[in-house]
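Since the structure comes first, as structure tokens, the remarks are kept for the end.
The values are calculated or read from the model by the stated rules, or taken from the named source; none is laboratory data. If you're wondering where the values come from, they're calculated on a predicted model, not measured in any experiment. Heads up, the Cβs are rebuilt from the backbone with ideal geometry, glycines too, and the neighbour counts pull from every protein chain shown.
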Amino acid sequence: MNHEPVLIIGGGPAGMAAAIETASCGFHAEIFEQAPRLSGKAWDYGCKADSECRNCNVCKVRRMIRTVRESPRIRTHLDSTVFKIQKRQHGFTVCWRDEIGEIRDMTSSGLVIATGFDFFDPRLSSRYGYGRIPDVITSAELERQLHSSSLPTRISDGSIPRNIGFVQCVGSRDPRGGAPYCSQTCCAYSLRMAARLVHLDPDLHITIFYSDLQSLTPETDHLLQNLNPRIRLVRALPAEITKLESGRLEITTDSDAGAIEAHEFDTVVLAIGFRPSQALRESVLDIGLELNPYGFIQEPAGSGILAVAGAALGPMNLAKTIDQSASAVARMLALKRANI
Ligand code: SF4
Ligand code: SF4
């Protein structure tokens, strides 16, 4: 057996799944993660259970952190920013800067790119007022709020909102904005989050503005079929969000019949979509990987030395990220083993 470790760039769900699969196949893994902890953006995600589990997989990610930490075959380099990858005759050299600024490198014949995704910058959709109106927040910010308190609070005055509007497809399904694709996760996310919030707060009402409901899971489809009466679905995306003199927010929509309707809220949550990660763009091209028309990395043909895992390939939810990553690495290691 070749004792070279598999080098894994990214310690989010895809990177951890890749490392766990590597270890279970009998190889060693080295994870390089620029943050001071594992789990990537999923660090901010909370449980979405209401009266029952909604299978969001956040607790699975927490268990994976433990597995990675306890595995004798996985070494994790935190606070370690990979800044260059070079292709060698029989593998790759990864160069990184560690937490004290030292430049280090490692070479191996197995590499996994698990650099994840970036969130869409909602300031680019200026009609929604993000950045100008404090109580217009993103789904990622709502998750961070719920990390430190059990209920969301308004940024402007710290009060607990009684009416929250969710706006879907922010930065997705938008050909003019360069992202005509569906981000795959945000409809299920908003349905789960709305059900959890009304479960936690009996005085809360939620309205979800959408154009289409996509990529639902069996659990979120069940939520949709048995919708809590305090969750309303409105099939229209906002024309504009403005702040009223009262401090509340007004969402205006154009109805199918052409009439303009106004809806008032305390807080508005923008369900922001996926953008390709900008990390290591040049290196990824230098080692022969290609990008799809939207800038996500294309899956390489099986080589036994290189795999791309998770949302670096395109939008996907946690369950698919973990499964895809483990299968891509299993395929890579099967070929690697065959070539030893
Ligand atoms: S899968 Fe999600 S909803 Fe279910 S218990 Fe785990 S974290 Fe909570
Ligand atoms: S998952 Fe839903 S909210 Fe997200 S881009 Fe697709 S249709 Fe829009």
For residues that are surrounded by fewer than 18 Cβ atoms within 10 Å (Cβ to Cβ) and within 30 Å of residue 333 (Cα to Cα), tally how many sit in the stretch 101-150.
-> 6
Can you find a residue in the stretch 43-62 that is away from ligand 1 (no atom under 16 Å from the Cβ) and either surrounded by fewer than 21 Cβ atoms within 10 Å (Cβ to Cβ) or assigned by TED's automatic domain parsing to the domain that holds residue 218 (or both)?
-> no
The stretch 303-340, subset polar (S, T, N, Q) and part of a helix (DSSP H, G or I), residue surrounded by the fewest Cβ atoms within 10 Å (Cβ to Cβ) | 339
Going through the stretch 252-276 in order, the residues found to be of a type in the set (Gly, Ala, Ser), touching a helix residue (DSSP H, G or I) at 6+ places or on another chain (Cβ under 8 Å) and either assigned to a strand (DSSP E or B) or surrounded by fewer than 21 Cβ atoms within 10 Å (Cβ to Cβ) (or both) are 271
Would you check which residues across the stretch 170-195 are more than 7 Å from ligand 2 (Cβ to nearest atom) and closer than 12 Å to residue 120 by Cα and list them?
-> 170, 171, 174, 177, 178, 179
Of the conditions (1) in contact (Cβ under 8 Å) with a residue 60 or more places away in the chain; (2) loosely packed, with under 14 Cβ neighbours inside 10 Å, residue 190 fails just one. Which one is it?
-> (2)
Considering only residues of the stretch 63-75 that are surrounded by fewer than 21 Cβ atoms within 10 Å (Cβ to Cβ) and β-branched (Val, Ile, Thr), which is nearest to ligand 1 (Cβ to nearest atom)?
-> 65
Filter the stretch 136-157 down to residues that are at pLDDT 95 or above and farther than 21 Å from residue 187 by Cα and give me whichever is farthest from the chain's Cα centre (by Cα).
-> 157
Being more than 16 Å from ligand 1 (Cβ to nearest atom), outside any loop (DSSP other than H, G, I, E, B), in contact with a His (Cβ under 7 Å, 6 or more places away or on another chain) and not assigned by TED's automatic domain parsing to the domain that holds residue 51, is that true of even one residue in the stretch 196-216?
-> yes
Somewhere in the stretch 216-238, is a residue small (Gly, Ala, Ser) and more than 15 Å from residue 270 (Cα to Cα)?
-> no
Can you find a residue in the stretch 286-295 that is touching a residue at least 24 places away in the same chain (Cβ under 8 Å) and of a type in the set (A, V, I, L, M)?
-> yes
Where residue 219 falls short, out of the listed (1) surrounded by fewer than 17 Cβ atoms within 10 Å (Cβ to Cβ); (2) within 15 Å of residue 195 (Cα to Cα); (3) acidic (Asp, Glu) = (1)
Are there any strands (runs of 3 or more DSSP E) wholly within the stretch 76-168 with 1 or more residues that are out of contact with any Phe, Trp or Tyr (no Cβ under 9 Å at 6 or more places or on another chain) and of a type in the set (A, V, I, L, M), and if so which?
-> 111-113
